[in-house]
1. Quick one: if the Förster radius is 22 Å, what FRET efficiency do A:V194 and B:N238 give, using the C-beta to C-beta distance and rounding to 0.05?
2. Using a Gaussian network for chain A with springs between C-alpha atoms less than 10 Å apart, which of these wobbles most: A:Q265, A:Q151, A:Q130?
3. Count the net charge of all other residues whose Cβ sits under 13 Å from the Cβ of A:D191, scoring Lys and Arg as +1 and Asp and Glu as -1.
4. Compute a Gaussian network model of chain A, connecting alpha carbons closer than 10 Å, and tell me which residue from A:T43, A:T129, A:T216 fluctuates the most.
5. State whether region A:1-105 is rounded, prolate or oblate according to the following rule on the C-alpha gyration tensor (a ≥ b ≥ c being the square roots of its eigenvalues): a/c under 1.5 gives rounded; otherwise a/b larger than b/c gives prolate, and the remaining case gives oblate.
6. For the Cα atoms of chain A, what angle does the longest principal axis make with the long axis of helix A:149-160, in degrees from 0 to 90, nearest 10?
7. Per DSSP H run of at least 4 residues, take -39500 (n - 2.57); add these up for chain A, divide by its residues and hand me the 222 nm value, nearest 500 deg cm²/dmol.
8. Given the Cα-Cα distance of A:Q132 and A:D54 and 0.36 nm per residue of separation, how much length would full extension add, in nm?
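Here, each number is a calculation from the coordinates, and none is a lab measurement. Everything numeric in this text was worked out from a predicted model, so none of it was measured. Don't worry about glycine lacking a Cβ; one is built from the backbone with ideal geometry, like all the others, and counts go over all protein chains shown.
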Amino acid sequence: MLEIKDLQVTIGRHTIVDIERLDVAAGSRLGMVGESGSGKTMTAMTIVGLQPNDAVVTGSITFEGRELVGLSDRQLAAVRGRDIGVIFQDPAKALNPMMRIGRQVAEAIRLHMDLSREEIKERVLDLLTQVQLPDAANLLRRYPHQLSGGQQQRVLIAIAIACDPKLLIADEPTTALDVTVQNGILDLLRDLSVSRKMGLLFVSHDLGVIQTISQTIGVIYGGHLVEYGPVGQVIGQSRHRYTQALIAANPGIADDEHLGEVVNQRLDVIRGSVPALGKFPSGCRFRGRCTAEIDACAEAPEISVSEDGHTFKCWNPVQGAADTEGALDVAR
Amino acid sequence: MSLVEVKGMHFRYPGVGGRGKEEWTLDDLDLSIDAGSAVGIVGESGSGKSTLVRVLCGLLFHQQGEVAFDGRDIKSWLKSEPRELRRRNQIVFQSPRRSMDPRMSIGRSLSEPVRAIERRAPTTDEMVEWLKRVGLTDEVLPRYPHQLSGGQLQRVGVARALSVGPEVLYADEPTSALDVSVQAQVLNLMMDLRAQLGLALVMVSHDLAVISRICEEVIVMKDGLIVEAGPMTEVLSNPADPYTAALVEAARAVSMQA
């Protein structure tokens with residue numbers, strides 16, 4: 001349904017995103033994980049034409065066969081909000097503080113659909129119920145500040161799905177929320193994706209969250225899609241050294257019987273930090289932080305194909321479960 | 001006798017609750033922190049975690065109840081020996097970038113606690129020694145905060161807090177502004193320093209996974225109350241309070257499983 005090919009987003013002299021290929025099939029859930037400055041948000045926003053004004057976009061993004069790159073703002077505005085819904089990170093900032101909830105949800109419908117006032121009102125109520133907000137009729141008259149963060153995010157989801165989009169892009173939709181609230185939102189997004197056969201592109205820095213929500217994962221580092229494939233493969237049988245190191249550096253909560261053993265045990269670390277924009281090395285972007293480096297890494301890695309559409313870009317990939325050579329730098 | 005003892009402590013911010021209304025930001029808290037222990041404070045946003053550590057290290061003043069450090073009331077410390085209290089209790093904040101003055105060199109920022117508490121300027125050798133402890137070199141001394149990465153700045157934050165030789169290090173979400181790949185470095189650093197220096201570590205975090213790796217004791221807060229406290233392994237494996245149970249379940253659901 002959504003196909004990205006040879007997408008490059010360049011601002012000034014810096015290429016921020018450089019992705020050869022990325023697809024989201026109808027009704028499937030793709031999780032894009034990366035650290036700050038990896039280009040994950042830029043990729044997601046470029047799909048709906050919300051990249052910064054000075055960004056130059058080349059390559060191709062097709063949605064149901066239609067090319068999105070190069071569309072005018074007006075043409076894009078017709079796709080955005082109608083066929084592609086978007087949810088942003090901070091619900092408090094994405095809602096208009098001066099507008100009642102009912103009107104904000106209705107606005108999305110009015111812009112894209114030709115419905116009478118009564119029909120719109122009915123649809124708003126229906127949407128608020130679908131996102132499991134209690135007492136929807138009462139909620140219509142409220143202002144954003146009267147809602148909790150989780151409720152605000154549910155309103156944003158209602159707005160995003162108001163026109164039955166075929167694809168929903170969610171950029172860190174749970175990062176500003178408490179963990180107990182987060183899971184409810186993740187369940188809701190998963191249920192909506194299944195019941196409406198809606199594609200979901202979920203962007204997050206949190207590998208645990210990505211693992212929970214996605215069927216397919218794209219790991220992005222320095223603007224490159226370094227590993228891509230089904231969740232089980234990318235997490236369980238990672239081939240790229242960065243993916244492997246990122247998984248190892250995630251604390252996680254041990255089983256009840258092992259809690260006492262792991263407390264005060266050093267965590268596996270990745271040395272150094274994510275380089276600033278424009279400071280990434282040539283060749284493999286993970287060079288300098290990776291400890292399994294070989295001479296070939298000075299050249300940009302090609303895409304290797306494993307099985308079941310699992311691809312990775314690494315010259316010296318992880319060979320098996322026992323192969324932890326280099327990736328884990330136990331010294332500080 | 002624990003190093004920090006809190007009994008029936010109430011706190012509210014000016015303008016909250018007030019006249020006749022019994023609304024407290026921190027409501028009747030009891031807790032104790034032993035020398036050399038590692039205590040994690042978890043809970044949802046707005047539960048009072050950050051407020052609590054600020055009261056404990058004497059940055060906010062409670063209205064009722066007792067907060068004692070080393071057997072002596074914290075208000076008495078602040079009245080007669082405020083600098084001594086600060087020397088023995090230090091804090092590292094969430095955003096390393098916002099907790100450094102952008103117009104001060106790292107060297108100057110680093111020297112501030114010693115200037116304020118010991119009333120002297122530290123020597124370069126001393127500062128290099130502090131930086132070495134957190135895995136940095138003298139290269140960073142003349143630089144400014146915008147020239148350092150988040151992870152480096154947080155190390156400077158830790159080095160600065162430790163420069164006066166505290167017995168308790170409070171850390172308020174010290175890694176939540178950092179990338180995952182950098183978070184592990186800072187957590188390891190805190191573990192090492194605690195072991196080397198015999199510090200007590202009191203760490204606030206919304207991330208139960210982080211707390212489970214670094215703290216032997218845990219305090220669970222909700223709506224200004226301590227709903228549960230005890231050894232980390234017990235609280236996580238056998239939560240007594242329904243909120244704790246929900247928190248542990250939710251955190252486990254999104255915890256990494258490789």
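1. On the way: r = 34 Å, r/R0 = 1.57.
Efficiency, rounded to the nearest 0.05: 0.05.
2. It is A:Q265.
3. On the way: positive: A:R29, A:R154, A:R190, A:R196, A:K197; negative: A:D187.
My count for the surroundings of A:D191 gives +4.
4. Maximum among the listed residues: A:T129.
5. Details: a/c = 1.60, a/b = 1.39, b/c = 1.15.
Prolate is the answer for region A:1-105, as a/c is 1.5 or above and a/b outweighs b/c.
6. Compared with the principal axis, the helix lies near 80 degrees.
7. Numbers: 11 runs with 98 residues, N = 332.
When only DSSP H runs of four or more count, the value is -8500 deg cm²/dmol.
8. On the way: separation 78, 0.36 × 78 = 28.08 nm, distance 3.96 nm.
Here the segment from A:Q132 to A:D54 would lengthen by 24.1 nm.
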